[in-house]
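Below is one structure, written out as structure tokens, with a few remarks after it.
No value in this document is a laboratory result; all are computed from the given coordinates. Predicted model, so just to flag it, every value in this text is computed and none were measured. Cβ coordinates were reconstructed from backbone atoms using ideal geometry, including for glycine residues, and neighbour counts include every protein chain displayed.
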Amino acid sequence: PEPPHIHVLVELLSLLPARDLLRSCRLVCAQWRDVVDLTTLWKRKCQRKGFYAQNLDRSISDWKIFYLLCNLKRNLIKNSCAEEDFQHWKLDNNDGDKWKIEDLPGPHGRGMPNPRVQKYFVTSYGPCFKSQLITLQKEGYWNQLMDEKRPEIVVKDWYAARFDCGCRYELTVRLLSEDYIVLDEFHPEPVVIEQWNDAAWREISHTFQNYPAGVRYIWFQHGGQDTQFWAGWYGVRVTNSSITIGPLTSASSPCSQQNFCRPTPLEGLLSSSFILLYHVCYCNY
């Protein structure tokens, strides 16, 4: 068992940000270095952040790396719920009466399952598509991590129709190389919703696994139009889009929903400790 003073030190140090622990505290003395490297400390930090569940004990080989990856994991789509007008989005097609933002539930619509989502983007009678290009290095996912560990990339989007008008919805997500070559792609068949539907919000999701090495960008595009060609904004509605990268965890984990973190066995993903610690100490994440 650890001496009492070590337990106290673990509790105190677990309150500090990971970057301070690795960049400063670890350099104070040999004892502090050893404490910072303790599994106990990083488990405690996982508990504080809601990343910990007892069913993970046997599947996590390095709790320090698990914590750092969970802490990094977040939605890489910016302005996903239309709270900042069209900021961060490129309007690839803006036909008919063009893209518009409306408040939920909207005319002849229904509320989202997530009550925190208050707005959505809506299309018109002509093709309306918008996109974002995510640069992985800028988001903290460096080349060696993507090439060697290939963490899973989870894509989600929500779409709905008006009750009184049919619509068409499309989604394309591409994993791109440094030269913008398509290495992997998710492009399901377009979804056509008939007139006089239930106006319910539907989620579409896809997980990229075992993709080729060399992924440097993720391109996300969605949109569509109405099927009646009515003037105004009767086309498909979209909101709450997300792209997340990081360790997967079981659905029973406390961090599976709130923190975009779904834990599963991670031995292969979590072995590159030195590289990850280097980036935590010297990069922005």
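Tabulated values for the structure
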| item | result |
| --- | --- |
| Reach of Lys49 by Cα under 18 Å, taken over lysines that are not fewer than 8 positions away in the same chain | Lys64, Lys73 |
| Among the listed pairs Lys90/Lys149; Lys43/Lys78; Lys90/Lys138; Lys78/Lys98; Lys78/Lys130; Lys43/Lys138, those beyond 24 Å (Cα-Cα) | Lys90/Lys149; Lys43/Lys78; Lys43/Lys138 |
| Average silhouette area of the chain, convex hull of alpha-carbon atoms, in square nanometres | 16.2 nm² |
| Orientation-averaged projected area, Cα convex hull of region 88-218 (nm²) | 8.9 nm² |
| In nm, spacing of pseudo-spin labels at Ser24 and Gln228 (7 Å Cα→C-beta vector) | 6.1 nm |
| Gyration tensor verdict on region 1-91 (Cα atoms; rounded if a/c is under 1.5, prolate if a/b is larger than b/c, oblate otherwise) | prolate |
| Using θ = phi - 60° and Karplus 6.51 cos²θ - 1.76 cosθ + 1.60, couplings along region 157-168 (whole Hz; Gly, Pro as x) | 8, 10, 9, 7, 10, 6, 4, 9, 8, x, 7, 10 |
| Cβ crowding within 10 Å averaged over residues, with 14-26, 161-173 ranked highest first | 161-173, 14-26 |
| Computed [θ] at 222 nm, deg cm²/dmol, the chain (DSSP H ≥ 4; -39,500 (n - 2.57); rounded to nearest 500) | -6000 deg cm²/dmol |
| Net length gained if the chain between Leu133 and Lys90 were fully extended (0.36 nm per residue, minus Cα distance) | 14.6 nm |
| Cα gyration tensor category, rounded, prolate or oblate, for region 147-229 with a/c compared to 1.5 | prolate |
